[in-house]
1. Check cross-link reach from A:Lys220 to the aspartates and glutamates: straight Cα distance under 14 Å, and skip same-chain residues fewer than eight apart.
2. For the range A:24-101, just say rounded, prolate or oblate: build the C-alpha gyration tensor, square-root its eigenvalues into a ≥ b ≥ c, call rounded for a/c under 1.5, and beyond that prolate if a/b exceeds b/c, oblate if not.
3. Cut-off is 10 Å between beta-carbons; in what order do B:Ser204, A:Ser119 appear when sorted fewest neighbours first?
4. Write out the trypsin sites (Lys or Arg not before Pro) in the range B:57-153 meeting two conditions: DSSP loop, and at most 14 other Cβ atoms within 10 Å of their Cβ.
5. Counting pairs of alpha carbon atoms under 8 Å apart in space and at least six apart in sequence, what relative contact order in percent does the range A:2-276 give?
6. For the Cα atoms of chain B, what angle does the longest principal axis make with the long axis of helix B:60-71, in degrees from 0 to 90, nearest 10?
7. Of B:Pro128, B:Leu108, B:Ser82, which is farthest towards the positive pole of chain B's charge dipole, taken about the Cα centre with +1 and -1 on the beta-carbons of Lys, Arg and Asp, Glu respectively?
8. State the Cα centre-to-centre distance between the range A:258-304 and the range B:106-124 in whole Å.
Number of protein chains: 2
Amino acid sequence: MFQEKLIESKVNKGITTPKGFKSVGIHCGIKKSKKDLALIVSDFPATAAGVFTLNKVQAAPVLVCKENLTNGDTFRAIVCNSGNANACTGEKGYQDAANIAKEAANALGINAEEVFVSSTGVIGEKLPMDKVIAGIKKAAKETSENEFLSAAEAIMTTDTFVKSRQTSFMLNGIEVSIGGIAKGSGMIHPNMATMLGFITTDASIEKQTLQKLLSSANKKTFNRIVVDGDTSTNDMVIMLANGASGIRIEDGTKEYNLFEEELFGLLKNLSMDIVKDGEGATKLIEITVDGALTDADAEKAARTVALSPLVKTAIYGEDANWGRILAAVGYSGIEFNPDKFEITINEVKILKQNYFVTLPNAIANQTLKAEKINLLLELHFGEGKATCWTCDFSEEYVKINGSYRT
Amino acid sequence: MFQEKLIESKVNKGITTPKGFKSVGIHCGIKKSKKDLALIVSDFPATAAGVFTLNKVQAAPVLVCKENLTNGDTFRAIVCNSGNANACTGEKGYQDAANIAKEAANALGINAEEVFVSSTGVIGEKLPMDKVIAGIKKAAKETSENEFLSAAEAIMTTDTFVKSRQTSFMLNGIEVSIGGIAKGSGMIHPNMATMLGFITTDASIEKQTLQKLLSSANKKTFNRIVVDGDTSTNDMVIMLANGASGIRIEDGTKEYNLFEEELFGLLKNLSMDIVKDGEGATKLIEITVDGALTDADAEKAARTVALSPLVKTAIYGEDANWGRILAAVGYSGIEFNPDKFEITINEVKILKQNYFVTLPNAIANQTLKAEKINLLLELHFGEGKATCWTCDFSEEYVKINGSYRT
C-alpha cells in the first residue's frame with residue numbers, strides 16, 4: 001500500500017499531501033443531497049499533463065481541457081462536477097464548460113485558461129448553471145489542505161468508496177509527494193464508463209516531461225483496467241506539478257526514474273481501487289498473460305479475457321471453467337498454440353499443456369474462493385507479457401445499470 | 001412468419017419438410033435426462049455447404065466437418081450431441097469426433113466421410129464415448145419424417161424453446177422446401193456462445209453454388225445477431241441439398257434468386273428465434289444504422305451498440321438513455337458527426353439533430369415497454385445501412401452463466 005510508504009512525519013492528505021495544494025468538495029445541487037462539486041487549487045502556477053478519451057463523441061469539458069492544455073504553460077485549478085456529464089449538449093454545453101472555467105477563475109483571482117473543467121454523470125442533459133456557479137463561488141472560499149476527502153467524494157457517481165492515494169519519498173534529501181484521487185464506475189465493460197483521475201505533485205517538472213511521465217504510467221495502469229479510459233465521452237486524467245517541494249525532475253535522470261516508479265505505483269493503486277469498486281463486483285481479478293509472441297499480443301489476450309462476460313460470470317460463480325478462458329484467448333485475434341496453453345489460478349496450476357486438467361473441478365473451484373484472483377495464462381509461444389485488471393460480474397451490475405437514471 | 005408460407009397441403013415438419021430427409025433426437029446419457037443426441041439423415045446423396053467458427057481454438061467436430069466438407073462431394077448425415085462440446089480435448093477428442101462419424105456411418109450403411117459431426121456444451125471434458133456410440137446405434141433405427149422436433153430439442157443447451165422453421169414454395173410448378181433447426185445460447189455477448197444451425201433442402205444444388213447461397217445468407221442473418229458465429233470454438237452451420245424435389249438451382253437464374261430469398265428468410269427467422277431466446281432476455285432488439293459512410297461502417301456501429309451492456313441494461317430497465325447509444329456509436333471506430341445523430345425507437349423519434357430531445361424522459365421511456373424494440377439510428381453522413389439483432393440484458397444472464405456447470 002502506497003499510503004504506508006509515507007514518510008513518518010507526514011499526514012495522509014491525498015491530493016493535498018503535495019505542498020501548495022488545497023481542495024474541497026461540496027454539494028451544489030446537481031444531485032439531490034450528495035456532494036457534486038470538487039475544486040482543486042494550486043497556490044503556485046503548475047505545469048500540467050493530461051490524457052483524454054478517444055471517443056468520437058467528446059464531452060464539452062474534454063474539449064475545454066484539451067484547448068487549455070495545448071495553449072497554456074501553467075495552470076492553477078481543476079473544477080469537477082458529478083451528476084451530469086455535460087456530454088452531447090452541443091454548443092450550449094461547450095459554453096457552459098467554458099463558463100465554469102471563467103467563474104472559477106474569477107472566484108480564485110486567476111485566468112480561465114489556467115482552469116481544467118471535468119464532468120461525470122448522465123449524458124445529454126444541460127448543466128443547471130446557476131447552481132454550479134453558486135457552488136463554485138462557495139467552494140473557492142472553502143478550499144483547504146484538509147478537505148481532500150470531500151473533493152474525492154464529490155467526483156463519485158456510482159462509486160461506493162472514496163479513491164484517494166498519496167506517496168511521499170525523498171529525492172536528494174528533499175521530500176517530494178504525489179497525491180491522487182479517482183472515480184470510476186461501470187467498469188465491468190469498457191464501454192463508456194467514465195473514469196476520472198486528478199493527480200498532484202509538488203515536484204517541479206517541465207510540461208513535456210510531465211506529459212511523458214503521465215502518459216507512460218497511464219498506459220500500464222488506468223489503461224490496463226477494464227474501464228478502458230479511451231471509450232467514454234468524458235474520461236480524463238489531469239496531473240498538476242507545482243514545484244513547491246523545490247525538487248526538479250528532468251528526463252533521463254535517476255530522480256526521473258524514481259519519480260516515475262512512485263507515480264506508476266500510485267496510479268496502479270488507484271486503478272485497483274476502481275476495479276475493486278466495479279459495479280456489483282465481488283472479486284478483483286488480475287490477469288497476466290505470459291509467453292505471447294509480443295507484449296502487445298499479451299495485452300490483447302489479457303484484455304479479451306478481462307472483457308469476457310462468460311469468464312467473469314464463471315469467476316463470480318466460483319467455477320474454474322478454464323474452457324471459457326482458453327476460448328477467449330482463442331478469439332482475441334493473437335497467434336498462439338492452444339495445445340501449449342496453461343492456466344494457474346492463485347498459484348495453483350489447474351491446466352497443463354495438451355489440455356491436461358490437474359485437479360477435479362470441485363478442487364479447482366476452491367482456488368476461486370478468494371477475493372483477489374490472480375489468473376496466470378502461459379502460452380509458451382514467445383517472450384511477450386502483460387497484466388490487466390478487472391472484476392467479476394454479478395447480478396448487481398445489471399440492477400445498477402438498468403435503473404441508473406431512475 | 002415463414003411457417004405461414006407453407007403450401008396448404010404441406011404439414012410443418014421442420015428439417016424433414018424437404019423430401020428425403022429423416023431425423024430424430026434421443027437421450028443417450030451425456031445429460032442427466034434431457035435429449036442430447038440428434039441425427040439427421042438424407043435418403044439420397046446430398047451436396048453440402050458449411051460455415052464454421054473463426055476461433056483459433058477449434059473444437060474437434062469442427063475439424064472433422066471441415067475435412068469432410070473439403071474432401072467430399074456428397075453427404076448423407078449430421079450427428080450432433082449436446083451437453084459436451086468436445087472442445088480443448090486434444091488428439092483424443094479428435095479421434096472421438098472421427099469415431100462418431102464412423103459409428104454413424106456403420107449404423108446407417110454409408111461412409112464416414114459422408115457424415116458431419118457437431119457438439120455443443122461444456123468445453124474441456126472428454127465425451128463419454130460408450131454412451132454416445134450406443135446412442136448413435138439407437139438413433140439410427142429411430143429416424144423418421146415425423147421426428148423433427150425431437151432432433152431440434154436434442155441440440156439445445158440453455159435454450160428455453162425449440163428453434164425449428166421450414167418453408168415450401170413453387171419453382172417452375174414444382175414444390176421445393178427448405179427446413180432448418182438451430183440452437184444458440186449465451187448470445188448476450190458474442191464471446192464464444194455456441195451457435196449451431198442445420199439446414200436441409202430437397203432442391204438439387206451444386207456444392208459450390210450451395211456454399212455461395214449459404215455463405216451469403218449466413219452473413220446477413222446468423223452473423224448479424226450478437227451471438228457472433230465466428231468466436232465460439234464449436235459454431236457451425238451445415239446445409240444439405242439432396243435434390244429429392246427434382247428441382248435444380250443454378251447460379252444466375254431466377255430460381256436461384258427465389259431460392260436465395262427463401263433461404264435468407266428462413267435463416268433470418270432462425271436468427272431471431274435465437275436472439276429471442278437469449279439467456280435472460282426479455283426483449284428482442286433490432287438495431288438499424290442508416291446514413292453511415294458505408295454499409296461496413298453501418299454494420300460496425302450497429303454491432304457495437306448491440307454489444308454494449310450499458311445500452312442493453314438500459315433497455316431492460318426501459319430507460320431511453322440515448323446518451324449511451326450515441327456514446328457506443330462514438331467508440332465504434334467509424335467516422336460520423338455526432339451533431340447530426342438521430343434516434344428513433346419504435347417509430348418515435350426521441351432525438352433529433354443537434355442533440356434535440358423531443359420528449360420528456362418519462363414519455364420516451366414508454367417506447368421501450370414493447371417486447372420488440374426497433375432502434376433506428378440515423379447518421380446523415382452517407383448511404384451505408386445495416387441491421388443487427390440482439391436482446392436486452394437482465395440479472396438472469398448472470399445467474400445462468402455463473403452456475404452453468406453446477
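Every number here is computed from the coordinates shown, using simple stated rules; none is lab data. If you're wondering where the values come from, they're calculated on a predicted model, not measured in any experiment. Here the Cβ is made from the backbone with ideal geometry for all residues, glycine too, and neighbour counts use every protein chain on show.
1. Partners found: A:Asp228, A:Asp230, A:Glu260, A:Glu261, A:Glu262, A:Glu286, A:Asp295, A:Glu299.
2. Details: a/c = 2.05, a/b = 1.11, b/c = 1.84.
Taking the square roots of the gyration eigenvalues as a ≥ b ≥ c, the range A:24-101 is oblate.
3. Working: B:Ser204 21, A:Ser119 33.
Going from least to most buried by this count: B:Ser204, A:Ser119.
4. Details: sites: B:Lys66, B:Arg76, B:Lys92, B:Lys102, B:Lys126, B:Lys131, B:Lys137, B:Lys138, B:Lys141; in loops: B:Lys126.
For trypsin sites (Lys or Arg not before Pro) across the range B:57-153 that sit outside H, G, I, E and B with at most 14 neighbouring Cβ atoms in 10 Å, the list reads B:Lys126.
5. Numbers: 740 pairs, mean separation 72.4, N = 275.
Reported as a whole number, the value is 26 percent.
6. 70
7. Sorting the options by dipole projection puts first B:Pro128.
8. 43
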